[in-house]
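The values are calculated or read from the model by the stated rules, or taken from the named source; none is laboratory data. Everything numeric here is computed off the predicted structure, so don't read it as measured data. Cβ coordinates were reconstructed from backbone atoms using ideal geometry, including for glycine residues, and neighbour counts include every protein chain displayed. Remember, those area values only see protein heavy atoms, side chains included, never the ligands or the DNA or RNA. Shrake-Rupley method; radii C 1.70, N 1.55, O 1.52, S 1.80 Å.
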Amino acid sequence: MSEPERSLAVCRRICYATGHFLNDLCASMWFTYLLVFYHSVLGFQNTSAGVLLLVGQIADGVCTPLIGYESDRTSGCRNYGKRKTWHLVGTLSVVVSFGFIFNQCFSCDSLTPQWASLTYFIPFIVIFQFGWAATQISHLSLIPELVSCEHAKVELTAYRYAFTVIANITVYAVAYLLFHFQVGGDNDPLSDELGPGDIPVFRNLALIVLAIGAVFSIIFHVGTKEQQPAATEEEGGEQEEQKCPRSESSLSLLQWKCWLQQPSFYQVAVLYMSTRLIVNLSQTYISMYLTNTLGLPKNFIATIPLVMYLSGFLSSFIMKPISKRIGKSLTYFLGLLLILAFSYWVLLDGRMGQRVYGAAVLLGAGSATIMVISLSMTAQLIANQTQSGAFVYGAMSFTDKVANGAAVMIIQAVHPCHTTVCCPDCVWFYHYIMVIVTGGVAIVAALALCSILIWPIRIRPRYLLVSDDSVCVN
């Protein structure tokens, strides 16, 4: 007899979606402002700033699959739930470490060697990335445990991404206000350029982010009830009826090592990695592109990302009906077309100026679409194999973190300027970087999508676990 379908009431979906809000706020600052802060504000060399981001990505990449493995096998703190327990540990780690990353090194001055400053920031970055990974994996792993039918997973993922967009909008709106009031009270003609005087802006932004994110984390922990293994599926009338197709009979349980023999595991991994490369690298280098290539004032590093995420927020509302009508794969392809249109626009229009607002709309809507669909495809891969779902999410995240860190380090290493002040070569450098990290990676994502269209996502029975001793059939 098939397992009854699980769904959530609207208020429970919203409470769940708030659980990643702190992570999203911090990730927005991390990817958009880290290189800008350490290079243009603190005066680090390009490679040094890249090393800090690489250390963070490696720490996140290493922690993610390990946390996923431990999250699957541990029972959590009493009746609190294993996913929510790891989520709480991650949240506390982020709160105690993130504020130090976007601030000046204590007791540092102009005579402090750069290696000493790097050594100071690295422990805080590692703790932050451990906490971020713990929160991300535990939160994603709850999706297939809270709901079971496919379009309910897409809907819950869309709720989650809607809050991701709101988090990014919050960061950029607050950043815009901080820059606006700072510039408004500054008579220095060079106030439109980033420098050491902007340290208080980034410090205050980080503290505001932590305060807002902590409130939403409390809402998540109070309003989300994790399913216990022996719990019934209908408790207290909290679940509502929803017309979902009944799932097929449960397959044998897959442990973590058995996933490594599933072809669909690698298909989804490449797609997810490509998606994150597009989203994260474009977010990382958009600030450099705006200030160094287009020569726009520094407040544009808040307004343009804000436009991107507003367009992404609006597109998240139409994603569910589109994916139900044409399917997840074609919806993902539509998102890629928007990304490619942005890349082509940037390639042809070297002096974009104010037209960058239109390009930002394309990038924002395309990024939101491919991000939501890639996550829902991962949930589709896991299906009812929730006992090892955290490992799958951890492995996917590992590929994206390592790839992002390596890509940033390569870009920083080939940067034409080797000083803290950008030279005229920065103009063409960031121009082509934006084209490559969007259009170039989108082609790789399209190839991964083609493989999924030819060989759809499913668990191949010949690779299933045949007993509880973790033996897989080859």
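Total residues in the range 314-335 satisfying the condition of being open to solvent by 20 Å² or more (accessible area, probe 1.4 Å), under 16 Å from T164 (Cβ atoms) and at pLDDT 80 or above: the figure is 1.
Within the range 336-354, track down each residue that is at pLDDT below 85 and assigned to a helix (DSSP H, G or I). Write out each step before concluding.
Going through the range 336-354, the residues at pLDDT below 85 turn out to be 349-354.
Scanning the range 336-354 gives G353, Q354.
The set of residues in the range 141-156 being open to solvent by 10 Å² or more (accessible area, probe 1.4 Å) and within 19 Å of W86 (Cβ to Cβ) consists of E145 alone. Out of T291, T232, T275, one residue alone is modelled with pLDDT of 75 or more, open to solvent by 20 Å² or more (accessible area, probe 1.4 Å), out of contact with any Cys (no Cβ under 6 Å at 6 or more places or on another chain) and not small (G, A, S). It is T291.
Scanning the range 100-140 for residues that are under 24 Å from F37 (Cα atoms) and open to solvent by less than 20 Å² (accessible area, probe 1.4 Å) returns I101, F102, C105, S117, F121, I125, F128, Q129, G131, W132, A133.
For the range 157-168, indicate whether the set of residues that are in contact with a Pro (Cβ under 8 Å, 6 or more places away or on another chain), at pLDDT 75 or above and open to solvent by less than 20 Å² (accessible area, probe 1.4 Å) is non-empty. Yes, some residue in the range 157-168 is in contact with a Pro (Cβ under 8 Å, 6 or more places away or on another chain), at pLDDT 75 or above and open to solvent by less than 20 Å² (accessible area, probe 1.4 Å). Applying the set (1) touching a Leu at 6+ places or on another chain (Cβ under 8 Å); (2) part of a helix (DSSP H, G or I); (3) under 30 Å from F429 (Cβ atoms) to R83 leaves exactly one unmet item: (3).
Could you please let me know if L362 is open to solvent by 40 Å² or more (accessible area, probe 1.4 Å) and either within 22 Å of I169 (Cβ to Cβ) or among the hydroxyl-bearing types (S, T, Y) (or both)? First the steps, then the outcome.
Details: open to solvent by 40 Å² or more (accessible area, probe 1.4 Å): yes; either within 22 Å of I169 (Cβ to Cβ) or among the hydroxyl-bearing types (S, T, Y) (or both): yes.
Yes: the conditions hold for L362.
Cβ-Cβ distances below 7 Å connect the following pairs, each with a first residue in the range 444-460 that is in a helix (DSSP H, G or I), a second residue that is hydroxyl-bearing (S, T, Y), and a separation of six or more residues or different chains: V444/S274; A445/S274; A445/T275; A448/S274; L449/S329; L449/Y332; I452/S329; L453/S329. Scanning the range 355-387 for residues being part of a helix (DSSP H, G or I), more than 21 Å from the chain's Cα centre (by Cα) and under 19 Å from S148 (Cβ atoms) gives a total of 2.
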